[in-house]
Amino acid sequence: TPKSGDVIFARNDYTDTFYSVVEGVVDVQISPTDPTKTVRLAAGEFFGEMSLISARRRSATVKAGPGCVVIETPRRSMNKLISSVADVKRVVDSTFIRRALQAGFAPNVPAATLADVVATARIERSRPNDYLFKQGETGLCLLLIWRGSVMVTREVGGKDVVLAYVPAGQYVGEM
């Protein structure tokens, strides 16, 4: 039961627990440079899925709002629940996808508007050194990095030269 204004976790924290809002509200600061840009989550909603799934640092700062009561669930317990209950996995996965899209492209677009896009998303696994696509291919989709990271390379003189590393929670293929 944090006090209103208390930081539950801060952007770039190395924590990975999952939170459920039981009462009151929390405010998620979605812009690292503008603390006024927030999304309010109320009782029945959850947060922390981005770090839970990607095993990366926190992507936002979350502060307790008025009447805030949250349940913090450790990563191991939440992963057991996700792997044993299909509906929990579906809701957590679709929320991860929607929030990642909102963070990267459409911060002011309501969840209902993105529902069709989220519903058509597929989770695919790749092995290390697999190509997701190659330079010059026609782009067919946006790829959200779920776990791990990918290298963006360009062929120069017959060799792949690394241009960037893209971590989980980010995307490639948008161009």
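Under 1.5 on a/c is rounded, so check that first for the stretch 8-49, then, if it is not, pick prolate when a/b is larger than b/c and oblate when it is not; a ≥ b ≥ c are the square roots of the alpha carbon gyration tensor eigenvalues. Taking the square roots of the gyration eigenvalues as a ≥ b ≥ c, the stretch 8-49 is oblate.
Please give me, ordered by residue number, the trypsin sites (Lys or Arg not before Pro) of the stretch 71-132 that lie in loop per DSSP and have at most 14 other Cβ atoms within 10 Å.
Details: sites: ARG75, ARG76, LYS80, LYS89, ARG90, ARG98, ARG99, ARG122, ARG125; in loops: ARG122, ARG125.
Hits after loop and neighbour filter: ARG122, ARG125.
Around LEU101, under 12 Å between beta carbons, what's the net of Lys plus Arg minus Asp minus Glu among the other residues?
Working: positive: ARG98, ARG99; negative: ASP116, GLU174.
For residues surrounding LEU101, the net value is 0.
Considering only LEU114, VAL152, ASN129, the residue lying farthest towards the positive end of the dipole of the stretch 103-170 is ASN129, judged by Cα position with unit charges set on Cβ. Net charge of the neighbourhood of PRO74, taken over other residues with C-beta under 13 Å away and scored Lys/Arg +1, Asp/Glu -1, is +1. Where does the chain land on Rg/Rh, using Cα atoms and the Kirkwood Rh? In the chain, Rg relative to Rh is 1.00.
Calculated from the alpha-carbon coordinates, the stretch 99-175 shows an Rg and a Dmax of 14.2, 47 Å respectively.
Sparsely packed loop sites in the stretch 11-74 (the chymotrypsin sites (Phe, Trp or Tyr not before Pro) outside DSSP H, G, I, E and B with at most 15 other Cβ atoms within 10 Å) comprise TYR14. Placing +1 on the Cβ of every Lys and Arg and -1 on the Cβ of every Asp and Glu, with no other charges, gives the chain a dipole of roughly 340 debye about its Cα centre.
In the chain, which longest range has no GluC sites (Glu not before Pro) that are both DSSP loop (not H, G, I, E or B) and surrounded by at most 16 other Cβ atoms within 10 Å?
On the way: sites that count: GLU45, GLU124, GLU137, GLU174.
Formally, the longest exposed-site-free interval is 46-123.
Per q in 0.12, 0.24 1/Å, what log10 I(q)/I(0) does a Debye calculation on the alpha-carbon atoms of the stretch 10-111 return? One equal scatterer on each Cα of the stretch 10-111 leads to -0.37, -1.55.
Under a Cβ-Cβ cut-off of 14 Å, what is the net charge of the residues other than ALA55 that fall near it, where Lys and Arg count +1 and Asp and Glu count -1? Before the final figure, lay out the partial values.
Numbers: positive: ARG56, ARG57, ARG58, ARG75, ARG76, ARG147; negative: ASP13, ASP16, GLU49.
Net local charge, ALA55 excluded: +3.
So which chymotrypsin sites (Phe, Trp or Tyr not before Pro) in the stretch 94-175 pass both tests, a DSSP loop state and at most 13 other Cβ atoms within 10 Å of the Cβ? Those satisfying the criteria are PHE105, TYR131, PHE133.
Can you give the extra length, in nm with one decimal, that the chain gains between PHE105 and VAL88 once fully stretched, where that is 0.36 nm per residue apart less the Cα-Cα distance? Intermediate values should be presented prior to the final figure.
Working: separation 17, 0.36 × 17 = 6.12 nm, distance 2.56 nm.
The span from PHE105 to VAL88 would gain 3.6 nm if fully extended.
How much mean residue ellipticity at 222 nm does the chain get from its helices, if each DSSP H run of length 4 or more adds -39500 (n - 2.57) and you divide by all residues, to the nearest 500 deg cm²/dmol? If you can, show how the numbers build up before the last one.
Values: 4 runs with 45 residues, N = 175.
The per-residue figure over the chain is -8000 deg cm²/dmol.
Annotation: amide H of GLY148 within the under-5 Å range of ALA168, sequence separation 5 or more or interchain, hydrogens built in the peptide plane.
Quick note: the coordinates plus some simple rules give every number you see, no bench work behind them. Since the model is a prediction, treat every value here as computed from it, not as a measurement. Because the Cβ atoms are built from the backbone with ideal geometry, glycine has one as well, and the counts that use them run over all protein chains shown.
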